[in-house]
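These notes concern the structure reproduced below.
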Amino acid sequence: MQVWPLRFRELTDHRMIIADDSGNYFLADGNFVDRYARDELNQSDVDFLSARGHTFQEASELAHTAFLTRWAKRQYISDGSAYVILIPTLRCDLKCSYCQVSRAPVAAKGFDWDEQILDRVLAFFDNLPVNEIQIEFQGGEPFLRLDHLKAIADFARRRFQQARFVVCTNLQTLNADILEFLASEDVLISTSLDGPHQIHTQNRTRSAYLTQEFHQNLVRVLDLIGPERVSALPTIDMKHPPQPEELISAYEQFGFTSLYLRPVNYQGFARKSHPSARTSETWTSYYQEFIYSLIARNSRTGRVMEEFYLAHCLRRILAPGADSHTDLRNPNIPTGANAVIDFDGQIYSSDEARMLARIRQINLSIGSVIDGLDREKLALLAPSHINNFDPDCIHCPYQPFCGTDPIDDMSRNGRIDVPRQESWFCQRHLAVFDLAIELLYSRDPAVEFTLCSWLGLEKLPDALRPIAP
Amino acid sequence: MIQLRLRSECDRSLSPFVVRISNGARQCRDDATLIFEKLGVLNYRAEHTEFCIRDVAPKDIAGDVLLIDPRRQIAHRLIRARSRHNTFLITEQCDQRCLMCSQPPKEHHQDMFEHFLSAARLAPLGAQIGLSGGEPLLHKQALFNFIDAAWTTRDDLSFHILTNGQHFDEGDLPWLRSHRAQLLWGVPIYSADAAIHDEIVGKPGAFAQLSGNFSLLGLAGAALELRTVVMKQNVSGLPDLADFITRYLPFAATWAIMQMERIGYGRMNWSHCFFDSSKEFTDLGAAIDLMSARRQSVVLYNFPLCTIPPVFRNLAAQSISDWKQKYLPECESCSTRIRCAGFFEWYREEDGFMGIHPQ
Ligand code: SF4
Ligand code: SF4
């Protein structure tokens, strides 16, 4: 009998989280690891492992085939749909303190697609080898170029069997034309809500009046198209983070049931004015505090708010196939079907890569709509977008659940080969996965209540939290 | 109840033959057209003969494929054009003796593949045909040949094969691989505990054999539907079985948890086996929760809707074949009846579910 290789990580309470390459995990104490390392597993260890698919006798028997299948399901394979982010303009009518891209003033010239680029974007779509697409309009403020949005939407509805549009807007301005565009069922809104009035004002609008206007527009849009088609994200400035309770109330007040906590992205122009974003410890402890406040609040009120990223990571731990979030997939090989098209027609593999080019750190453009995709560059980028062979990740029990972000590594460290644990991506994900495991194994009814609601379960099955004898 | 056998009259000297009742104009040689109808007797003309069918309205059998048995003066409705539940009974032989079997095995085998092939060729476009038994794979080579032959002219057909999974071997891998897109294998597993499984199917060593064959189906990339009839004997083991499925059978497309059918051995062993899930759903709920946390599909077959806790009702399928399905008098007033699986024709209220509540 053989045991599939196991990887360990010590948690804060000294227990070990152990997992194999297929993502089957369990908790054990240090003695178990000693026995495993010395090849001295006893009968009850072996029984425990075999019952959970960690062992096999020979190739082609069920235990072996099952492991191969579980492993294969952990690898992300494109499902034949595309996800493209478009930047029809860089101009914006707000000037947020952490703005990630070099926004341009509303009156500026030369920061919008011209007709030629628009035509080429349409041609680029026409050539995508997919039948389904999600198109995200970012900016700048995309509604400043409603004409481009309409042209793209009209084309995509004809070209693809299924098309969805997400407009990432600051919702400062609504007019009849915008409302008409929003009326279609396939159009969704994503906006920024940084928390209570005063924090939102401080980070984003710098004017109580503008914040109020935004609130009114948000309510109006929610009334018009319903909460299913509107989402909001807070960006957390670690210099003045909102109280968790305040932030949650601000979201609840608008009827949101999910929020996605993101730190200010340490990239682009944001990093100049936000040195606090450099340290990941402050973020991690804020994040944990936030999650525990959220859980306590959920249990107190009986209403359930979800923190999207933790819930998503938890789903990724529990099962393969939770690949809906484009930023956390493995492998996550850049292709034209997952791309960002900038205001000048340059194509990038991610929004972060676009920002790096904007600040002239390194040009990671993978082509342009004029010249087409740069296959050589795509091939060059591919190997860093898979974590299976990373010298650190191969020892990490979270590898099957985790992903990569070489662009972020590049941005912070100027190179992509820093030891994982020194990278922000890894530090952030170790913290999220540690927290997810801690919650999963918690016996606190408040925690179980929140987890069950996030996962859509009646009761949290004990089989989801195995502990070695 | 819809009749699957109809009284028929035709020349007794003929051998059994397959015809399709034409729906409008005659489309091929094997179509039979209605000549006249008199006193409830339908007179049809086929290529070489004429025959009558009784007790059915012309519109109800239009498009159906019939096997006419002149000696017994019976017409078997092999394919009913307007039903999703068409099944060919390949054989009545079986090497297992499952406690709840609804179709108890018989010694004798009558080979019908020739007629099944003719019928399959006349099936509606894109039809899925069930192949069941007994144990169809006891006649594996003939069965595989039949499927290959059907596909030479009708590659739009797909087959749902119910098998006990005891009769594959490594030599079948290439065939299973090349046919995987249009075959769905329904295979029962009753427990993750080999002893309990073997006891339920009445065959020592069955679980071990099944495991190896599951592995083959997994390696072939076959579409696999696991089927578990819930009974007193295995209900407490369902959460463990769910854990086993997600760890050892991750390639299964779906897991059907099924209620018992009170016929055959199922009727004989009813009081010994029937588990009233309308009164107690805890283990079923735990098994379902585990499956959904691990993102593997699960469905409930043969569960009347009101016997399922509301949160799990979306998993219930209308699984009972139309020809043997019924509702109870109290269902008359129920608002969810159109989505409800209802009951088998042979279900009895007095020893059935205690918690039937019209919604
Ligand atoms: S990046 Fe860090 S957390 Fe993720 S798999 Fe690699 S070592 Fe583990
Ligand atoms: S009352 Fe009858 S029809 Fe209604 S859910 Fe129950 S069994 Fe189904």
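The values are calculated or read from the model by the stated rules, or taken from the named source; none is laboratory data. Model, not experiment: these values are computed from the prediction. Here Cβ is always computed from backbone atoms with ideal geometry, including for glycine, and neighbour counts include all displayed protein chains. Keep in mind that these areas ignore ligands, DNA and RNA; they rest on the heavy atoms of the full protein, side chains included. Shrake-Rupley method; radii C 1.70, N 1.55, O 1.52, S 1.80 Å.
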Charge-dipole axis of the range B:193-304 as Lys and Arg at +1 and Asp and Glu at -1 on Cβ define it, positive-most pick from B:278, B:265, B:197: B:265
Check: the range A:116-233 dipole with +1 on Lys, Arg Cβ and -1 on Asp, Glu Cβ, in debye: 160
Virtual spin-label span in nm between residue B:267 and residue B:25, 7 Å along Cα→Cβ: 4.8
Okay, which of the range B:161-200 sit inside 17 Å, backbone N to the point 7 Å along the Cα-Cβ direction of residue A:47? B:192-196
Give the ranking of B:114, A:252 by solvent-accessible surface, highest area first, calculated with a 1.4 Å probe. B:114, A:252
Average projected area [Cα convex hull, chain B], square nanometres: 18.9
Divide the volume of the convex hull of the Cα atoms of chain A by its number of residues and quote the answer in cubic angstrom per residue. 156
What's the magnitude of the charge dipole for chain B around its Cα centre, counting Lys and Arg as +1 and Asp and Glu as -1 at the beta-carbon? Answer in Debye, nearest 20. 820
Please give the contour-minus-distance gain from residue B:327 to residue B:128: 0.36 nm per residue of separation, less the Cα-Cα distance, rounded to one decimal in nm. 69.1 nm
Got a number for the accessible area of residue B:240? Probe 1.4 Å, square angstrom, nearest 10. 100
For residue A:329 the rounded accessible area (nearest 10 Å², probe 1.4 Å, non-protein molecules ignored) is 20
Whole-percent carbon and sulfur share, accessible surface of the protein assembly as shown, 1.4 Å: 51
Consider all pairwise Cα distances in the range A:1-59 and report the whole-number % of them above 20 Å. 18
Per-residue ellipticity at 222 nm attributable to helices in chain A (runs of n ≥ 4 DSSP H, -39500 (n - 2.57) apiece, nearest 500 deg cm²/dmol) works out to -12000 deg cm²/dmol
Enter the mean number of other protein chain beta carbons within 10 Å of the beta carbon of each residue in B:285-296, as an integer. 6
If the cut-off is a Cα-Cα distance under 25 Å, which lysines reach residue B:59, setting aside same-chain residues fewer than 8 apart in sequence? B:38, B:324, B:326
Residue-averaged beta-carbon neighbours from other chains (10 angstrom radius) around B:250-256: 3
Sites residue B:335 and residue A:33 - FRET efficiency at Förster radius 56 Å, r taken between beta-carbons, to 0.05: 0.45
Whole number in Å², please: accessible area per residue of the protein assembly as shown, 1.4 Å probe, ligands, DNA and RNA not counted. 43
Peptides ranked, highest mean first, by Cβ atoms within 10 Å: ranges B:149-157, B:18-26: B:18-26, B:149-157
Can you give the FRET efficiency to the nearest 0.05 for residue A:243 and residue A:2, using r as the Cβ-Cβ distance and R₀ = 30 Å? 0.05
Heavy-atom accessible area order for A:14, B:48, largest first, 1.4 Å probe: B:48, A:14
Virtual spin-label span in nm between residue B:72 and residue A:197, 7 Å along Cα→Cβ: 8.4
Considering just Cα atoms, how many Å³ per residue does the convex hull of the protein assembly as shown enclose? 203
With +1 at each Lys and Arg Cβ and -1 at each Asp and Glu Cβ, the charge dipole magnitude of the protein assembly as shown around its Cα centre, to the nearest 20 debye, comes out at 1220
Looking at the range A:160-233, what % of the alpha carbon pairs are farther apart than 18 Å? 38
Length-normalised contact order of the range B:87-351 in % [C-alpha pairs under 8 Å, at least 6 apart]: 16
Given R₀ = 30 Å, what would the calculated FRET efficiency be for residue A:176 paired with residue A:371, taking r from the Cβ atoms and rounding to 0.05? 0.15
Ordered by number, the residues of the range A:293-337 with at least 30 Å² less accessible area in the assembly than alone (1.4 Å probe) are A:318, A:319
Local charge sum around residue A:234 (other residues, Cβ-Cβ under 9 Å, Lys/Arg +1, Asp/Glu -1)? 0
With all protein chains in place and a 1.4 Å probe, residue A:418 shows an accessible area in Å² (nearest 10) of 30
Tell me the chymotrypsin sites (Phe, Trp or Tyr not before Pro) within the range A:312-391 that lie in a loop according to DSSP and have at most 14 other beta-carbon atoms within 10 Å. A:389
At residue A:359 and residue A:58, where each label point lies 7 Å from the Cα along Cα→Cβ, what is the point-to-point distance in nanometres? 5.9
What does the C-alpha gyration tensor say about the overall shape of the range B:5-79? Classify as rounded when a/c is under 1.5, otherwise prolate if a/b is larger than b/c, or oblate. rounded
I'd like the interface area for chains B and A: accessible area of each alone minus the complex, both sides summed, 1.4 Å probe, protein heavy atoms only. What is it in Å² to the nearest 100? 2000
When only the heavy atoms of the protein chains count and the probe is 1.4 Å, how do A:376, A:213 rank by accessible area, highest first? A:376, A:213
Which three extents, in whole angstrom, do the alpha-carbon atoms of the range B:171-324 cover along their principal axes, largest first? 46, 34, 33
In Hz, Karplus ³J(HN,Hα) per residue of the range A:150-158 (6.51, -1.76, 1.60; θ = phi - 60°; x = Gly, Pro): 5, 4, 5, 5, 4, 5, 5, 5, 7
With a 1.4 Å probe on protein heavy atoms only, tell me which residues of the range B:192-215 lose at least 50 Å² of accessible surface in the complex relative to the chain by itself. B:215
